[in-house]
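Asker: Structure below; questions to follow.
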Amino acid sequence: MKELIKSELRLWAKKYLTPNSPHFNGMPACPFAENALERDHVEIRIGFGWSYSSIMDTARRFPQTKSIVIHAELNPEKSSADFHKDLNDINPQLAKSNLWLIGFHPDDPDPDFADDDDFTPLVDEPYAMVFVQRLTELDDASRQLEAQRYYKGASSKEVKHLYQRRQAREEYEDGYGKKTRRSWSRQESESTQDSDGGETHSTEI
């Protein structure tokens, strides 16, 4: 099922996310999607877990070699509204660890730039997806797009989400990000200081 979902995402990206679109000021809907999939920077995992426990476990052990981990839940029980509310409630917590969630639910309205009637899915069952990504990487990409007026036609709701994420990134950089950098700096300093006997000390997290 993982590979089938990944194959479907490749087809979706090629058909809808890569071509230039007037909805995004003549740019692709997602300029980075197809490249990330082809370079194997995306990992698919099945299921959200009870109270999103599997997603939280991914957040605690986010793979260093991936840019995105996608959790897919077949036939989700929660409504679209409850699903998105849950992710909005979780994001402030994960932002402290430089992570951010973006959700897609099968009952969400179809995007304006895509016509589902012209797409044949590979997976028979509907599924919801949660994209787990590094907050700073996501925000860096959005700033690049903003400089090219990508968000010119964005709705007020989309702009609100964009600035919520940007504020979370600023709070991370000003607070938790600094703490993390100080912690790593201290550990690196301790690991390179030799004792009188020449033994190297290190601190392991």
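The values are calculated or read from the model by the stated rules, or taken from the named source; none is laboratory data. The model shown is predicted, which means the values in this text are computed figures rather than measured ones. All Cβ positions, even for glycine, are placed from backbone atoms using ideal geometry, and neighbour counts span all protein chains on display.
Asker: Of all the residues that make up region 7-35, how many are more than 25 Å from residue 153 (Cα to Cα) and surrounded by 16 or more Cβ atoms within 10 Å (Cβ to Cβ)?
Answerer: 2
Asker: Which numbered condition trips up residue 64, out of (1) more than 16 Å from residue 2 (Cβ to Cβ); (2) touching an Asp or Glu at 6+ places or on another chain (Cβ under 8 Å)?
Answerer: Every listed condition holds for residue 64 apart from (2).
Asker: Report, by residue number, each residue of region 36-56 that is of a type in the set (Asp, Glu) and either surrounded by fewer than 17 Cβ atoms within 10 Å (Cβ to Cβ) or within 15 Å of residue 121 (Cβ to Cβ) (or both).
Answerer: In the first step, residues of region 36-56 are kept if they are of a type in the set (Asp, Glu); the result is 38, 40, 43.
Across region 36-56, the qualifying residues are 38, 40.
Asker: Based on this model, can you work out whether residue 139 counts as in contact with a Lys or Arg (Cβ under 6 Å, 6 or more places away or on another chain) and under 30 Å from residue 60 (Cβ atoms)? Even if it seems obvious, please write down each step before you answer.
Answerer: Details: in contact with a Lys or Arg (Cβ under 6 Å, 6 or more places away or on another chain): yes; under 30 Å from residue 60 (Cβ atoms): yes.
When the stated conditions are applied, residue 139 passes them.
Asker: Which one of 46, 68, 55 is touching a residue at least 12 places away in the same chain (Cβ under 8 Å) and more than 15 Å from the chain's Cα centre (by Cα)?
Answerer: On the way: 68 fails: more than 15 Å from the chain's Cα centre (by Cα); 55 fails: more than 15 Å from the chain's Cα centre (by Cα).
Just a single option satisfies the conditions, and that option is 46.
Asker: Something else: I'm trying to understand the selection: among the residues of region 69-115, which are of a type in the set (Asp, Glu) and either surrounded by 20 or more Cβ atoms within 10 Å (Cβ to Cβ) or assigned to a loop (DSSP other than H, G, I, E, B) (or both)?
Answerer: The first filter runs over region 69-115 and keeps only residues of a type in the set (Asp, Glu), leaving 73, 77, 82, 86, 89, 107-108, 110, 112, 115.
Residues satisfying the conditions are 73, 77, 107, 108, 110, 112, 115.
Asker: In addition: Would it be correct to say that residue 116 is farther than 16 Å from residue 72 by Cβ, among the charged types (D, E, K, R) and either out of contact with any Ser or Thr (no Cβ under 9 Å at 6 or more places or on another chain) or at pLDDT 95 or above (or both)?
Answerer: yes
Asker: Starting from region 1-25, keep only residues that are farther than 27 Å from residue 45 by Cα, then list their pairs with residues that are assigned to a helix (DSSP H, G or I) and not small (Gly, Ala, Ser) whose Cβ atoms are within a distance under 7 Å, requiring at least 6 positions of separation or different chains.
Answerer: Once the first residue is farther than 27 Å from residue 45 by Cα and sits in region 1-25, its partners that are assigned to a helix (DSSP H, G or I) and not small (Gly, Ala, Ser) give 24/150; 25/150; 25/152.
Asker: If we keep just the residues of region 137-153 that are among the small types (Gly, Ala, Ser) and touching a residue at least 60 places away in the same chain (Cβ under 8 Å), which is surrounded by the fewest Cβ atoms within 10 Å (Cβ to Cβ)?
Answerer: Within region 137-153, the first condition is being among the small types (Gly, Ala, Ser), and the residues that meet it are 141-142, 147, 153.
From what's left, touching a residue at least 60 places away in the same chain (Cβ under 8 Å): 141, 153.
Details: 141: 16, 153: 13.
Checked region 137-153; the qualifying residue surrounded by the fewest Cβ atoms within 10 Å (Cβ to Cβ) is 153.
Asker: Same structure again: When residues of region 12-55 are filtered for being over 21 Å from residue 134 (Cα atoms) and either in contact with a Leu (Cβ under 7 Å, 6 or more places away or on another chain) or assigned to a strand (DSSP E or B) (or both), how many remain?
Answerer: Going through region 12-55 one residue at a time, the tally reaches 4.
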